[in-house]
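Enquirer: If you scroll down you'll find the structure; I have some questions about it.
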Amino acid sequence: MKSTALFTLICFSSFVALSQQKGYDWGYIITEKGDTVEGWVSDRAKGSFSDLYSKIRFKKDGQLFKSKYSANDLLGYGYLGAHFVSLPLVERTEFFKTQYILRAGRNRRFLRVIERNDCLNHYEVEFTHDDNFTIDSYPLYHKPGSQEMVRVTQGLLGLKKKRLTEYFNDCHDMQIAIDSKEITTAQQVYTFYCEQCKGN
């Protein structure tokens, strides 16, 4: 009798462990109070039809039921080496020109962190293509202390040269490098600004 109960308990525990991992990855969330809580995280549907969830799913280890969090509920989260922060990013378009502004008090959204330092922050905005169910992204750069971000590329068209020279108007050398096509990639923009501009 005892062995049967023990076997049932082991099977149930194994089922719980497996069910927690299905579609989830081990990671963490950062609460609005700044506390880091470890657990199982899922932020997208995986497989043939990829999609980003409007709210991430989170379960503490050993917990059966998930909690859902929007970007307004958390400061950030991460899993498997990927890190996301919650920022009040507003997209404003006027005369075919889109600005990316940080506005305190506005609804927040999750941005993937690629690289952050005192010189320049590199984020990615992820989005889903409705026609083919694939997740794509585009890079945004942010100078710490600024309320504005800049979109670095425009799809297959390459760098947004005019916007980049406007945004990095504190670095004349980089403006020249962009115009002369010495700089042609987003990573080159990041490296040049941090090493040649802010580095000096």
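The values are calculated or read from the model by the stated rules, or taken from the named source; none is laboratory data. A quick note: this is a predicted structure, and the numbers were derived from the prediction, not measured. Don't worry about glycine lacking a Cβ; one is built from the backbone with ideal geometry, like all the others, and counts go over all protein chains shown.
Enquirer: Yes or no: SER19 over 23 Å from HIS129 (Cβ atoms), of a type outside the set (Lys, Arg) and modelled with pLDDT under 95?
Expert: yes
Enquirer: In the set LYS46, LYS2, LYS33, which member is among the charged types (D, E, K, R) and at pLDDT below 70?
Expert: LYS2
Enquirer: If you take the residues in the stretch 130-149 that are more than 17 Å from the chain's Cα centre (by Cα) and farther than 21 Å from THR165 by Cα, which one is modelled with the highest pLDDT?
Expert: PHE133
Enquirer: Looking at the stretch 187-200 only, could you name the residues that are surrounded by 19 or more Cβ atoms within 10 Å (Cβ to Cβ) and closer than 25 Å to ASP136 by Cα?
Expert: Matches in the stretch 187-200: VAL189, TYR190.
Enquirer: Going by what's in this entry, would GLY145 be described as in contact (Cβ under 8 Å) with a residue 24 or more places away in the chain, out of contact with any Pro (no Cβ under 7 Å at 6 or more places or on another chain), surrounded by fewer than 16 Cβ atoms within 10 Å (Cβ to Cβ) and in the same structural domain as CYS197 (by TED's automatic domain parsing)?
Expert: no
Enquirer: In the stretch 55-69, what residues are assigned to a strand (DSSP E or B) and of a type outside the set (Ser, Thr, Tyr)?
Expert: Answer for the stretch 55-69, where residues must be assigned to a strand (DSSP E or B) and of a type outside the set (Ser, Thr, Tyr): LYS55, ILE56, ARG57, PHE58, LYS59, LYS68.
Enquirer: Same structure, new question: Looking only at the stretch 151-165, count how many residues are surrounded by 12 or more Cβ atoms within 10 Å (Cβ to Cβ) and under 23 Å from ILE101 (Cβ atoms).
Expert: The total comes to 10.
Enquirer: I'd like the full set of residues that are assigned to a loop (DSSP other than H, G, I, E, B) and surrounded by 14 or more Cβ atoms within 10 Å (Cβ to Cβ), limited to the stretch 87-104.
Expert: PRO88
Enquirer: Restricting to the stretch 141-188, what's the tally of residues that are under 27 Å from ARG106 (Cβ atoms) and of a type in the set (Val, Ile, Thr)?
Expert: Residues meeting the conditions: 3.
Enquirer: I've got another one for you. Considering (1) in contact (Cβ under 8 Å) with a residue 24 or more places away in the chain; (2) of a type in the set (Lys, Arg); (3) within 30 Å of SER42 (Cβ to Cβ), say which one LYS198 fails and leave the rest.
Expert: Condition (3) is where LYS198 drops out.
Enquirer: Quick one: which residue in LEU52, LEU75 is at pLDDT 95 or above, part of a strand (DSSP E or B), out of contact with any His (no Cβ under 8 Å at 6 or more places or on another chain) and not assigned by TED's automatic domain parsing to the domain that holds SER137?
Expert: Result: LEU75 is the single residue among LEU52, LEU75 that is at pLDDT 95 or above, part of a strand (DSSP E or B), out of contact with any His (no Cβ under 8 Å at 6 or more places or on another chain) and not assigned by TED's automatic domain parsing to the domain that holds SER137.
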